[in-house]
Structure formats: structure tokens, C-alpha cells
1. Yes or no: segment 332-339 includes at least one residue that is under 30 Å from residue 242 (Cβ atoms), of a type outside the set (Asp, Glu), modelled with pLDDT under 80 and not assigned by TED's automatic domain parsing to the domain that holds residue 42.
2. Does any residue in segment 293-320 that is of a type in the set (Ser, Thr, Tyr) come within less than 8 Å, Cβ to Cβ, of a residue that is not in a helix (DSSP H, G or I) six or more places away or on a different chain, and which pairs are these?
3. Name the single residue that is nearest to the chain's Cα centre (by Cα) among those in segment 277-287 being assigned to a helix (DSSP H, G or I) and over 22 Å from residue 266 (Cβ atoms).
4. Listed residues 124, 118; which is at negative phi and within 25 Å of the chain's Cα centre (by Cα)?
5. Restricting to segment 136-175, count the residues that are assigned to a loop (DSSP other than H, G, I, E, B) and under 21 Å from the mean Cα position of the chain (by Cα).
6. Would you confirm whether any residue within segment 84-105 is on the phi > 0 side of the Ramachandran plot, surrounded by 18 or more Cβ atoms within 10 Å (Cβ to Cβ) and in the same structural domain as residue 219 (by TED's automatic domain parsing)?
7. I'm trying to understand the selection: among the residues of segment 143-191, which are surrounded by 16 or more Cβ atoms within 10 Å (Cβ to Cβ) and of a type in the set (Val, Ile, Thr)?
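The values are calculated or read from the model by the stated rules, or taken from the named source; none is laboratory data. It should be emphasised that the depicted structure is a prediction, and the values quoted were computed from it without experimental measurement. Every residue, glycine as well, gets a Cβ built from its backbone with ideal geometry; the counts of neighbours run over all protein chains shown.
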Amino acid sequence: MALPDSMSPRWPVVTELSGIESGTRAADALPATYHYRETAGKHAVGDPADDTPTFLTRKLSLGGLVALLKHLWFAGAERPATPLHSHLAMGREIVVLDRMDMHLLWANEGKLFVKPIPRFLLIPAFCQANLLCPDGCMCGDPPPNACRGIPRKVALGFLYTYACLISSEIDFHIANEKRILPRKSNDQPIEWAEWKSLARELLRIQEHDPGELHPRFRRAEIRLSRINTISRFTSFPLFNPYFRGHHNYGSLFRDNLAWMATTTVFIAVVLTAMQVGLATEQLRDSATFQQASYGFTVFAILAPIGAFALVILYALFHVAKDLPSLLGAGRRRTAVRRAERGA
């Protein structure tokens with residue numbers, strides 16, 4: 001239901017979904033725990049109720065994608081999100097990943113990463129209390145610690161993508177099946193009529209005040225492989241991908257050796273054709289063809305060796321990067337075992 005005009009909060013979404021509230025306290029709308037990276041790059045787990053503003057800043061952060069915003073034209077066109085049923089028709093698998101910076105990134109293997117809607121973003125009272133700037137805030141650049149301008153725009157842009165993803169009852173049933181929509185307190189799905197009201201409200205925000213939505217969400221689906229390419233050449237250290245699709249070195253070598261084998265077959269076909277050409281009278285005496293054959297032969301010898309060397313260097317780079325954390329974890333485990341034996 002929608003709140004009366006006299007009670008409309010400053011939070012631009014006023015539609016309430018029945019049964020979404022888990023209780024009377026704001027902490028009831030939050031998850032049990034959340035994962036984040038500390039400033040030193042270490043992985044940590046926190047309690048969102050301890051510091052709700054910090055939790056929202058981290059949970060609604062676009063991470064490394066912020067530094068790539070001006071290059072997103074290379075990874076995706078400006079357009080609304082495609083409905084969920086269309087993604088399934090294209091053969092894409094909807095993969096649930098609770099990361100705002102991975103929302104609507106799609107991989108060449110046919111995966112579409114989708115962040116589920118957190119329950120607290122569908123409670124207007126919670127958003128009114130936690131996602132609005134204090135009086136007098138000018139949302140500067142960089143914004144002060146109390147500013148909620150960026151998390152608010154990310155939240156509204158994120159919800160807008162769902163208004164586009166779930167545009168029909170088919171999309172609505174797919175979303176409930178994938179559990180990317182929050183459930184009611186009795187574990188029942190929200191009503192279709194309520195979702196329609198919320199989606200139309202989000203569309204009106206885009207039509208009348210598009211500046212309320214974060215610019216990231218002007219481009220809905222963006223290609224992960226191109227984001228990785230941008231990151232390799234614009235971030236430090238160089239050649240570091242945005243999202244590591246390889247979680248072990250076996251898959252790294254297997255995938256790279258696959259394209260290297262395909263390239264080698266193509267090179268072999270070209271060399272065979274050149275060998276046949278050198279046997280003909282027309283090309284045997286051609287100095288240009290002789291030079292081209294010589295150059296491609298040298299390339300065919302050096303290119304596979306160079307490509308394989310690059311894969312080895314890439315693996316060694318990640319070994320060197322992961323080694324300090326692995327050694328630190330080993331030292332911590334050894335210290336714990338010694339303490340247990342001492343006790």
C-alpha cells in the first residue's frame with residue numbers, strides 16, 4: 001500500500017509491502033552478519049547492528065567499479081535491464097551473488113550475476129531513517145562521513161534495475177524461484193499486485209528525477225570480460241582482473257591452454273597453406289611471399305612459447321600476491337595450536 005501524501009517521507013519510495021517487516025526494531029530488517037574487506041585488504045565479518053551506517057556504506061558500495069565508471073561504455077550500452085525471462089531465453093544462468101559491484105555483470109560462459117534485494121531496502125521507514133543525509137548536507141566531493149548521498153543513489157539505482165528485470169508475472173515467478181526477492185516473515189512470497197505498485201513508483205523516479213539514480217545503473221548488463229580487460233590496463237598492479245574467474249591454478253592453465261591449442265591449429269593451417277604456395281611456380285619466385293612466409297614462420301615458433309610464458313608469469317604473479325596471506329594464516333594456526341598445547 002502507499003502512504004498518504006501528508007505522511008510521505010523524504011525517501012522517494014513510499015510503497016510498503018505487507019509482511020516484509022520482521023519486527024518493530026530496525027535491527028530486525030538487517031542480515032545476521034555481513035562480509036567485507038578491511039583497509040589492509042583482509043577479509044572480515046561484522047555485525048550490521050553494531051554500526052548500521054557503516055554497514056550500509058559497505059553493503060551498498062560499488063567497490064572497484066567506481067574507478068571504471070568512465071570506461072563502462074566499452075562494456076555495455078546505456079539501456080534498461082532486460083527482463084529475466086529474456087535472459088533465460090538467451091541461455092544465461094542466473095547466479096545469485098550478494099555483491100553490489102557484481103550486480104548484472106554477465107560472463108561469456110552464460111552466467112548472469114544478480115544481487116538479491118535485501119529486505120531492508122523494501123522498508124521505507126528504515127530507508128528514511130538510514131539512507132537520507134542529515135540536514136544541511138551538501139553531498140560534496142568527496143562527501144563527508146555523515147553523507148548518505150552515494151549509498152542512497154546506489155540503492156535507488158539498484159531497485160530501478162529490478163523494476164526492469166521483473167516486468168511481467170513470468171519474471172516475478174522466476175525471481176521468486178531464484179530467491180532474489182525477499183520473502184514475508186511467514187516465508188511466503190510477496191504479492192504480485194504489491195510488486196507492480198513498487199515497480200511503477202521506481203519507474204516514475206527514473207522519469208522525473210533520474211539524478212537520484214547512480215550513473216552505474218544507466219548501463220544495466222555489462223560484460224565481465226570487458227570489465228576485466230579495462231581493469232588490467234587501468235588499475236594497479238597492472239594485468240590484475242576485476243573479478244578472478246579462476247579459483248585454482250588447474251582451471252587457469254586448462255582454460256588458457258584451450259585457446260592456445262585453438263590458435264596453434266589455426267597457425268598450423270596457415271603454415272600448411274604457405275608450404276603449398278611455395279611449391280607453386282607463381283609464389284615460389286615471389287620475394288614478397290617469401291618474406292611473408294619467413295616472418296610468419298618465426299611468429300609461429302615464438303608466439304606459442306611467449307603465450308605459455310605469459311600464462312606462467314600470470315600464475316606466478318598471483319602466487320606472489322597470495323603468499324603473504326597464506327603465510328600469515330599458517331603462522332596464526334601455528335600460534336593457536338601452541339596456545340592450545342600450552343593450556
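1. The first filter runs over segment 332-339 and keeps only residues under 30 Å from residue 242 (Cβ atoms), leaving 332.
Now restrict to residues that are of a type outside the set (Asp, Glu): 332.
Narrowing the set further to residues that are modelled with pLDDT under 80 leaves 332.
Next, from what is left, pick out any that are not assigned by TED's automatic domain parsing to the domain that holds residue 42: 332.
Yes, there is a match, as at least one residue in segment 332-339 is under 30 Å from residue 242 (Cβ atoms), of a type outside the set (Asp, Glu), modelled with pLDDT under 80 and not assigned by TED's automatic domain parsing to the domain that holds residue 42.
2. Here the result reads 314/239, each pair linking segment 293-320 to a residue that is not in a helix (DSSP H, G or I).
3. Only one residue fits best here, namely 287.
4. On inspection, the qualifying residue turns out to be 118.
5. Matching residues across segment 136-175 total 1.
6. From segment 84-105, those on the phi > 0 side of the Ramachandran plot are 91, 104; that's our starting set.
Then drop every residue that is not surrounded by 18 or more Cβ atoms within 10 Å (Cβ to Cβ), which leaves 104.
Within this subset, residues satisfying the condition of being in the same structural domain as residue 219 (by TED's automatic domain parsing) are 104.
Looking through segment 84-105, at least one residue is on the phi > 0 side of the Ramachandran plot, surrounded by 18 or more Cβ atoms within 10 Å (Cβ to Cβ) and in the same structural domain as residue 219 (by TED's automatic domain parsing).
7. 150, 154, 161, 166, 174, 180, 190
Yes/no matrix, rows are residues, columns are (1) under 19 Å from residue 20 (Cβ atoms); (2) assigned to a helix (DSSP H, G or I):
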| position | (1), (2) |
| --- | --- |
| 64 | no, yes |
| 73 | no, yes |
| 82 | no, no |
| 88 | no, yes |
| 112 | no, no |
| 117 | yes, no |
| 125 | yes, yes |
| 134 | no, no |
